[in-house]
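Working notes, structure below.
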Amino acid sequence: MSGTAARAAESYARAWLWRAAAPCALPVFAGLTLLLIPLAVIGAHEASTPTASSACSIGGTGATVAGIELDALQMGHAQTIADVAAARGLDAYAATVALATAYQESRVRMLANDGSSPELTGEQAAVTATSLQYPHDGLGSDHDSVNTFQQRWLAGWGTVAQLMDPVYAAEAFYARLVEVPNWQTVPLTQAAQAVQISAAGDAYARWEPLARELTAMLWPAAQATAADPGGAVAGVCPGLPVAAGSWIRPTAGTVTSGYGPRGGALHAGVDIAGPRDSPIYAAADGTVVIAACTSAYCDRDGSLSLAGYGNLVELDHGGGVTTRYGHLSAYTVTAGERVAAGTLVGFQGSTGNSTGVHLHFEVRQDGASVDPVPWLADRGVDLHASVAA
């Protein structure tokens, strides 16, 4: 599996149009019970407060496709692959080729690589193993191959950091696919093999029925997002059942930056980092005050040179208390909407003034920010508790 370098930043920027939900045909509630793990017991309530989980993603909660069961993570990556094709103006067959390839190579999972292949030098192994630093769904060890397509940094596909981004991975695949002569008319396995140059070049044909059915399911949403990337996306993840009056952790992941001075300014919240498009839930009952892009653009990742929260949701909980959810890849609510604690409000992203995927979470009392960690601790929620992402 080798190839040329992936597309440049312009194409990559457009790829962040993958914020759409999966079609309503998906049986999105099938895996609800997997989402709920007890986090904290609120003293005033008898029931355990469920924790946010990333078992559900922007792609849905799993589906059975061509007789094969795909979980939420696989469906999320499949939606990304379809969305990138639509964003690039490619047709559904491109997505079908890519999906068959991704299933053969990784079962549509973002695989890291521990660098244990005997084919690598010590230095190459060390670089390959840096893939473990990025969100991933499993571990591989085939040469220096990583991600859903098992692309190799040594073969010029991009840096390890780039290849561990599922959108970049899809962009890289399509950049090569469109260079294949007559790729739109040749057999799927021939097109895939021309891109991948695999030792098992005929294997892709086995997954063509799966890929065609997946494309039929995901393509309408991909086209809709490419045509109109603005606004709220439909919520496909089930909300969490939360006792009335309770507070919960808004998302899964790890606190990577706390409240306080940072870079000469006040970091007015905490950053909780998990996999891209991990669901974000309302921390308590409230009304949506803001659900909008607050930066110059939100259709792709931001940077430190870009001002604003990116996609932001703000909730008013009454009594002068508000919460903010920043840097979202997409939001699922609209201003004026009343939401219950545990309602899906968006997905983790890196829009706005951000350099990595995470949720920037704020608590404000009468307009002034307060440290969310002790504030939520007083309400039975430990933000520093280990919560799988």
(request) Go through region 218-240 residue by residue and tally those that are modelled with pLDDT of 85 or more and either polar (S, T, N, Q) or farther than 22 Å from residue 329 by Cα (or both). (result) 1
(request) Among the residues of region 285-306, write down those that are closer than 22 Å to residue 249 by Cα and of a type in the set (Ser, Thr, Tyr). (result) 287
(request) Working carefully through the options 220, 181, find the one that is of a type outside the set (S, T, N, Q) and assigned to a loop (DSSP other than H, G, I, E, B). (result) 181
(request) Return the residue satisfying two criteria in turn: it lies in region 100-159 and is crowded, with 20+ Cβ neighbours inside 10 Å and among the aliphatic types (A, V, I, L, M), and of such residues it is modelled with the lowest pLDDT. (result) 110
(request) Filter the strands (runs of 3 or more DSSP E) completely within region 237-282 down to those with at least 2 residues that are touching a Gly at 6+ places or on another chain (Cβ under 7 Å) and farther than 16 Å from residue 370 by Cβ. (result) 270-273, 279-281
(request) Identify all residues within region 284-334 that are of a type in the set (Ser, Thr, Tyr), over 21 Å from residue 225 (Cβ atoms) and touching a Phe, Trp or Tyr at 6+ places or on another chain (Cβ under 8 Å); write none if there are none. (result) 323
(message) If residue 125 satisfies all but one of (1) touching a residue at least 12 places away in the same chain (Cβ under 8 Å); (2) under 17 Å from residue 163 (Cα atoms), what's the number of the condition it fails?
(response) (1)
(request) State all residues of region 339-366 that are surrounded by fewer than 20 Cβ atoms within 10 Å (Cβ to Cβ) and either touching a helix residue (DSSP H, G or I) at 6+ places or on another chain (Cβ under 7 Å) or hydrophobic (A, V, I, L, M, F, W, C) (or both); if no residue qualifies, say none. (result) 340
(message) Anything in region 322-333 that is at pLDDT 95 or above and over 18 Å from residue 275 (Cβ atoms)? List them, or say none.
(response) 322, 323, 324
(message) From the list 319, 336, exactly one residue is modelled with pLDDT of 95 or more, farther than 19 Å from residue 270 by Cα and surrounded by fewer than 22 Cβ atoms within 10 Å (Cβ to Cβ). Which is it?
(response) 319
(request) Could you identify the single residue in 139, 120, 90, 132 that is of a type outside the set (S, T, N, Q) and in a helix (DSSP H, G or I)? (result) 132
(request) Among the candidates 200, 192, single out the residue that is aliphatic (A, V, I, L, M) and surrounded by 19 or more Cβ atoms within 10 Å (Cβ to Cβ). (result) 192
(request) Show the residue pairs that are 6+ apart or on different chains and have beta-carbon atoms under 7 Å apart, the first residue being within region 268-294 and under 18 Å from residue 337 (Cα atoms), the second being buried (at least 20 other Cβ atoms within 10 Å of the Cβ) and among the acidic types (Asp, Glu). (result) 289/314; 290/314
(request) With respect to residue 195, determine if the residue is modelled with pLDDT under 95 and touching an Asp or Glu at 6+ places or on another chain (Cβ under 9 Å). (result) no
(message) Being at negative phi, over 20 Å from the mean Cα position of the chain (by Cα) and assigned to a loop (DSSP other than H, G, I, E, B) is true for just one of 195, 186, 127. Which residue is that?
(response) 186
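The values are calculated or read from the model by the stated rules, or taken from the named source; none is laboratory data. This structure is a prediction, so every number in the text was calculated from the model and none was measured. Backbone-built Cβ (ideal geometry, glycine too); neighbour counts: all protein chains shown.
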